[in-house]
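Visitor: Encoded as structure tokens, here's the structure I'll be asking about.
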Amino acid sequence: MPRTLDAELRRALAERIRFYNELGIYDFYRRGVPAGADTVVADLEVQDNQPESGDEMSPRKATAVAMPVAVEENIFEVIAPKPEQGVSDPAKALKIIREDLGDCTRCVLHRQGRKQIVFGVGNPKAELMFVGEGPGADEDQQGEPFVGRAGQLLNNMIKAMGITREQVYIANIVKCRPPGNRTPEREECDTCSPFLMRQIAVIKPRVVVALGAVAAKTLLAMNASMMQLRGRFYDFRPAGVRSPDWDGCKLAVTYHPAFLLRDPRQKGEAWKDLQMVMRELGLKAPEKATQ
Ligand code: SF4
């Protein structure tokens with residue numbers, strides 16, 4: 001029978017691996033499995049039914065807490081060298097990751113009506129990255145993240161920061177559209193996000209902005225409400241990727257633009273988050289910036 005790792009233990013294990021990674025230690029070796037210890041399968045199913053903010057959002061199945069160590073075997077797999085490592089041109093390195101992804105069938109989303117994989121778009125040397133949850137109908141149709149109404153709002157948010165969409169890089173936690181725009185399941189996030197981690201490690205941004213709870217919880221491997229997650233920077237290094245020439249970046253959390261369309265009253269709060277990012281990057285809003 002599979003044995004389930006305690007959530008706290010998983011969290012502590014992930015933290016310990018990060019700590020070793022920060023010390024430059026990436027290779028781990030597994031001792032023999034003690035008699036009676038079956039394959040460890042972490043059951044990370046988490047339900048928190050927390051809306052992003054307030055009561056306006058209908059309760060939804062919570063995002064998964066995407067631990068980099070969802071399955072014990074993956075602890076070793078995710079820190080293995082990646083084919084793009086050693087490729088100095090980030091555009092070429094991103095291409096290698098895309099080729100590695102292929103016509104991906106790694107999670108169930110590949111057979112739930114996706115038209116195409118939405119890999120990510122933007123400047124391969126971006127200082128600022130935005131990470132959302134997953135493609136919607138427009139994104140699935142066009143093969144580019146954030147091109148629908150939420151994308152228009154994100155464009156406005158980027159413009160208000162005094163930069164353009166072309167200057168940043170935009171991606172999602174999952175690269176295939178969840179049917180009916182449902183929240184991606186934990187297992188889907190766990191399966192897909194290692195590719196995003198590799199994209200981040202190639203781009204080496206100065207700041208990553210997690211758009212919404214799914215992105216924040218997956219990237220940070222922690223479970224907390226948006227209220228708890230917003231308003232501060234986190235030191236971030238993509239889980240499971242060697243980055244000997246990069247110390248990681250800052251990560252900030254703000255509301256997903258789709259949520260802001262549903263609850264425009266939160267735009268002011270999102271603008272505060274973006275202003276914090278602007279200060280970090282030394283950006284100045286254009287004179288007629290709107291929220
Ligand atoms: S969501 Fe990600 S892991 Fe799942 S099928 Fe699509 S590309 Fe593969």
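The values are calculated or read from the model by the stated rules, or taken from the named source; none is laboratory data. The structure presented is a predicted model; accordingly, all values stated were derived computationally and were not measured. Cβ sites come from the backbone with ideal geometry, for glycine too, and all protein chains shown count toward neighbours. When the accessible area is computed, the model is the full protein with side chains, heavy atoms only, and any ligands, DNA or RNA have been set aside. Shrake-Rupley method; radii C 1.70, N 1.55, O 1.52, S 1.80 Å.
Visitor: Do the conditions hold for PHE146, that is, is it part of a strand (DSSP E or B) and either out of contact with any strand residue (DSSP E or B) (no Cβ under 7 Å at 6 or more places or on another chain) or more than 16 Å from the ligand (Cβ to nearest atom) (or both)?
Guide: no
Visitor: Now for a different question. Is one or more of the residues making up the stretch 152-163 touching a residue at least 60 places away in the same chain (Cβ under 8 Å), of a type in the set (Lys, Arg) and within 11 Å of the ligand (Cβ to nearest atom)?
Guide: So far as the stretch 152-163 goes, no, none of its residues is touching a residue at least 60 places away in the same chain (Cβ under 8 Å), of a type in the set (Lys, Arg) and within 11 Å of the ligand (Cβ to nearest atom).
Visitor: Kindly indicate whether GLN228 is without any contact (Cβ under 8 Å) to a residue 12 or more places away in the chain and not aromatic (Phe, Trp, Tyr).
Guide: yes
Visitor: Further question on the same structure: Do you know which residues across the stretch 78-100 are surrounded by fewer than 16 Cβ atoms within 10 Å (Cβ to Cβ), touching a residue at least 40 places away in the same chain (Cβ under 8 Å) and within 16 Å of the ligand (Cβ to nearest atom)?
Guide: Hit for the stretch 78-100 is ASP100, nothing else.
Visitor: When the residues of the stretch 112-131 are narrowed to those that are more than 16 Å from the ligand (Cβ to nearest atom) and open to solvent by less than 20 Å² (accessible area, probe 1.4 Å), which ends up nearest to GLU280 (Cα to Cα)?
Guide: Within the stretch 112-131, the match that is nearest to GLU280 (Cα to Cα) is LEU128.
Visitor: Inside the stretch 165-183, can you point out the residues that are part of a helix (DSSP H, G or I) and touching a residue at least 12 places away in the same chain (Cβ under 8 Å)?
Guide: ARG165, GLU166, GLN167, PRO179, ASN181, listed by residue number.
Visitor: Would you confirm whether or not the stretch 237-259 contains a residue that is touching a Cys at 6+ places or on another chain (Cβ under 6 Å) and at pLDDT 95 or above?
Guide: For the stretch 237-259, residues touching a Cys at 6+ places or on another chain (Cβ under 6 Å) and at pLDDT 95 or above: absent.
Visitor: Checking the structure you have, find out if any residue of the stretch 266-285 is farther than 14 Å from LEU128 by Cα and in contact with a strand residue (DSSP E or B) (Cβ under 7 Å, 6 or more places away or on another chain).
Guide: Yes: the stretch 266-285 contains one or more residues that are farther than 14 Å from LEU128 by Cα and in contact with a strand residue (DSSP E or B) (Cβ under 7 Å, 6 or more places away or on another chain).
Visitor: While we're looking at this one, here's another question. Counting only residues that are surrounded by fewer than 19 Cβ atoms within 10 Å (Cβ to Cβ), give me the strands (runs of 3 or more DSSP E) lying completely in the stretch 184-264 with at least 2 of them.
Guide: Ranges flagged: 234-236.
Visitor: Here's something else I'd like to know. Would you point out which residue out of GLY162, GLY134 is outside any helix (DSSP H, G or I) and surrounded by fewer than 18 Cβ atoms within 10 Å (Cβ to Cβ)?
Guide: Only one candidate passes the filter, namely GLY162.
Visitor: Okay, moving on. Just one of (1) within 11 Å of the ligand (Cβ to nearest atom); (2) buried (at least 22 other Cβ atoms within 10 Å of the Cβ); (3) not in a helix (DSSP H, G or I) trips up LEU109, so point out which.
Guide: The failed condition is (3).
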